[in-house]
Structure formats: structure tokens, C-alpha cells
Amino acid sequence: MLFYTHLLLGVAMYLSLGVSGVDMLLIVLLGAILPDIDEGNSKINRWSGFIGKIATSLDRHRGFFHSIWFFAILFLLCLKFWQVKYGWALLMGYGAHLIGDGITPMGVQPLRPLSRFTLRGPFRVGGPAENVIMVVLVVFILTRLF
Ligand SMILES: [Zn+2]
């Protein structure tokens with residue numbers, strides 16, 4: 001899915017799971033866009049400078065950085081050096097990202113390389129269905145807010 005769809009999925013995830021706080025929202029959103037650091041043309045890749053270049057050189061798009069292992073490492077780092085709630089917030093964002101990429105034909109393999117299990121769906125990235133999904137997400141978010 002595209003950047004804004006991932007953000008909307010992140011907001012929807014945040015509102016659905018009943019967490020609160022601007023800090024939590026921002027970290028959920030970070031988790032929702034972070035996997036695409038492995039894609040050279042993504043916003044998060046360009047924003048992250050040389051770290052993004054390292055990420056693209058380490059593995060293919062929707063590889064390690066789209067796996068649960070990357071977020072397991074981040075979760076453990078949050079546990080050790082930050083706050084456990086931020087680890088959960090990153091995982092929520094990751095879950096939102098997984099849903100977004102998991103409904104596209106390319107799909108995503110969250111357990112790679114341990115398993116080739118692939119989440120896949122019919123909705124093409126940037127296709128007309130993605131626009132419909134975005135509208136549904138906006139409506140969902142608005143109904144949660146008001
Ligand atoms: Zn992705």
C-alpha cells in the first residue's frame with residue numbers, strides 16, 4: 001500500500017485498540033511506515049538518509065524489514081532501553097503495515113526466512129481499490145473521533 005494508506009491504517013489501528021496519548025499515536029504511525037525503509041523511493045527511506053541506504057542494501061523490498069523479526073528486535077530494544085509501551089506501539093504499527101501489504105498481490109512474508117507463508121490479497125498498490133480503502137479508513141477514523 002501507499003504511504004498515506006499505511007498512515008491511515010496506523011491511525012485506525014491506534015483508535016481500534018483503545019490506546020491513548022500523542023506519543024503512542026506517533027510511535028504507532030512510525031511502526032506503520034517503518035517497514036518501507038527497505039524501499040528506495042519511500043518517504044521513510046529518503047527521510048532516514050544513510051540508514052535507509054543501509055536498509056535497502058541489506059535485503060530486498062518486503063524482506064527482513066517487513067518481517068516480525070525486525071519488529072521483535074525493536075520490541076526488545078524498547079524493553080531494554082526505552083518503555084515497553086512503545087514496543088507495543090511499534091508492534092501495533094507493524095500490524096497495520098502488515099494488513100496493508102498483506103492485501104496486495106505481491107503480499108508479505110512476515111516469518112521470512114523461517115517460513116514462506118505469504119499474506120496476499122487482490123488489491124493492487126495505488127489501484128482504484130486502494131482509493132476506496134482510503135475512503136473507508138477516513139470514514140472509520142471520523143466515526144471513531146466524533
Ligand atoms: Zn511495505
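Quick check: anything in segment 21-31 acidic (D, E), away from the ligand (no atom under 11 Å from the Cβ) and farther than 21 Å from Q109 by Cα? Don't jump to the end; show me each part of the working.
Pass one, segment 21-31, residues acidic (D, E): 23.
With the extra rule that they be away from the ligand (no atom under 11 Å from the Cβ), the set shrinks to 23.
Right, trim to farther than 21 Å from Q109 by Cα and you get 23.
Yes, segment 21-31 has at least one match.
Starting from segment 26-42, take each residue that is in contact (Cβ under 8 Å) with a residue 60 or more places away in the chain and under 18 Å from A72 (Cβ atoms) and list its partners that are more than 9 Å from the ligand (Cβ to nearest atom) and among the aromatic types (F, W, Y), counting only C-beta distances under 8 angstrom and pairs at least six apart or across chains.
These pairs meet every condition: I27/Y86; V28/Y14; G31/F71; G31/Y94; A32/Y94; L34/Y94; P35/F70; P35/Y94.
Among the residues of segment 103-118, are any aromatic (F, W, Y) and either surrounded by 18 or more Cβ atoms within 10 Å (Cβ to Cβ) or modelled with pLDDT under 95 (or both)?
We begin by selecting, within segment 103-118, every residue aromatic (F, W, Y); these are 117.
From what is left, the residues that are either surrounded by 18 or more Cβ atoms within 10 Å (Cβ to Cβ) or modelled with pLDDT under 95 (or both) are none.
Taking every residue of segment 103-118 in turn, none turns out to be aromatic (F, W, Y) and either surrounded by 18 or more Cβ atoms within 10 Å (Cβ to Cβ) or modelled with pLDDT under 95 (or both).
The values are calculated or read from the model by the stated rules, or taken from the named source; none is laboratory data. Just so it is clear, the structure is predicted and the values come from calculations on it, not from any experiment. Neighbour counts are summed over all protein chains in view; Cβ atoms, including those assigned to glycine, are modelled from backbone coordinates with ideal geometry.
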